[in-house]
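Notes follow once the structure below has been shown.
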Amino acid sequence: MKKDILIMGMETSCDETAVSIIKNGTEILSNVVASQIESHKRFGGVVPEIASRHHVEQITLVMEEALKTAEVTYKDLDAIAVTEGPGLVGALLVGVNAAKAVSFAHGIPLVGVHHIAGHIYANQLVDNLEFPLLALVVSGGHTELVYMKEHGHFEVIGETRDDAAGEAYDKVARTLKLPYPGGPHIDRLAAEGEASIKLPRAWLEGSYDFSFSGLKSAVINTVHNAEQRGEVIKPEDLAASFQESVIDVLTTKTLQAVKEYKVKQVVLAGGVAANKGLRTALEEKFSGLKDVKLTIPPLSLCTDNAAMIGAAGTIFYKKGQRALLDLNGNPGLDITIHN
Ligand code: KG4
Ligand code: ZN
């Protein structure tokens, strides 16, 4: 009988300290996430120094809990997969060094994982992946369309030229004086409002690239102009109008790429994949396409977690990719390192 592959996934690229145990790349035995959001909230965003310190405090506790919940020990593990980049360098280093220490101490192979590859592979925890595949990646730091001709092979066919979608959500939320992270708050308000305010859409015709900074500035200007004129704008309507513009561009470009690249499956990935409006819009747009399967992970697998790193790490482990003890955190890591 074929032996199961057990992998520990580790993720510390931003403000979640997360460790998972994943069986055969598809089954979650444990998925522990220690969020730092409460510590960063009062600063209106992630403070890198605070993030690193929290990771140092939490990492060994989270590792122990992940092993305990999964009822496994280090002896049972085939590999340790850790987010190598991109992200905050001080935060990445905590996970990378913890992973290297355990790899060295217990003689367990080490695999470096690109954070966005992890977000994409969160989908493997809920569905079979069929290739060629297109991933719409929408997170706090990235907005990308990634084409995959096969497992573990990534081609970025479009990306944001300025702000990431999540970044735009967080900045618009700040303008509306909503707490950090603002995405979920805008999402909630949008559901209660009317998209009655005219806002721009950056189509960037002829490319699959995105741009959200013009939209973000338009929202900020709308708020300031109204304030100066003493007019009241309903925050619900502004949220709905902003969200409609983001979703319109994301779904239209995804659909165009699906047709051009003739993919069999579309997967949604990254923190903004938790957005209810985006999930519903994609489901509606794809309901008429018989030959294309749409996969959307549950909310807990959309925002940062280590189950996704374990799932991606299993693929790279099977492809023979290994990291050595000189592995470093790399804030500018390119996803094509896995190809
Ligand atoms: O993937 P993620 O957890 O971290 C990064 O790798 O960046 O994404 C975090 C981003 C934040 O900008 C947050 O506001 C956004 O995801 N987000 C949302 C929602 N939930 C989280 N944006 C829109 N609607 C949501 N429901
Ligand atoms: Zn992320």
### Task
Please give the calculated 222 nm ellipticity per residue for the chain, where each DSSP H segment of at least 4 residues contributes -39500 (n - 2.57) and the sum is spread over every residue; nearest 500 deg cm²/dmol?
-13500 deg cm²/dmol
### 26 Å Cα-Cα reach of Lys216 towards lysines, excluding residues that sit fewer than 8 places from it in its own chain
Lys41, Lys171, Lys177, Lys198, Lys234, Lys253, Lys276, Lys285
### Message
What does the charge count around Glu236 come to, taking other residues whose C-beta lies under 13 Å from its C-beta (Lys +1, Arg +1, Asp -1, Glu -1)?
### Response
-3
### For the range 129-296, accessible area per residue (1.4 Å probe, heavy atoms of protein chains only), Å²
45
### Task
Determine how large the accessible area of Arg161 is when every protein chain is in place; take a 1.4 Å probe and give Å² rounded to the nearest 10.
140
### Query
In degrees, nearest 10, range 0 to 90: what is the angle between the Cα axis of helix 276-286 and the longest Cα principal axis of the chain?
90
### Message
Suppose every Lys and Arg Cβ carries +1 and every Asp and Glu Cβ carries -1, with no other charges. What dipole size does the chain come out with about its Cα centre, to the nearest 20 debye?
### Response
360
### Query
What net charge is computed for the residues neighbouring Ala306, neighbours being all others with C-beta under 11 Å from the C-beta of Ala306, Lys and Arg scored +1, Asp and Glu -1?
-3
## Note on the structure
Net charge near Arg188 (other residues with Cβ under 10 Å of its Cβ; Lys, Arg +1; Asp, Glu -1) is -2
### Message
Between helix 183-192 and the chain, what is the angle of the helix's C-alpha long axis to the longest principal axis, kept within 0 to 90° and rounded to the nearest 10?
### Response
40
### Qualifying lysines (Cα of each under 30 Å from Cα of Lys318; at least 8 residues distant if same chain)
Lys2, Lys3, Lys23, Lys68, Lys75, Lys100, Lys149, Lys262, Lys264, Lys293
### Summary
Reduced to Cα centres, the span from the range 1-71 to the range 243-292 in Å works out to 29
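The values are calculated or read from the model by the stated rules, or taken from the named source; none is laboratory data. Source: prediction; values computed, not measured. Here the Cβ is made from the backbone with ideal geometry for all residues, glycine too, and neighbour counts use every protein chain on show. For the accessible areas, the whole protein counts, side chains as well, though only heavy atoms, and no ligand, DNA or RNA atoms are used. Shrake-Rupley method; radii C 1.70, N 1.55, O 1.52, S 1.80 Å.
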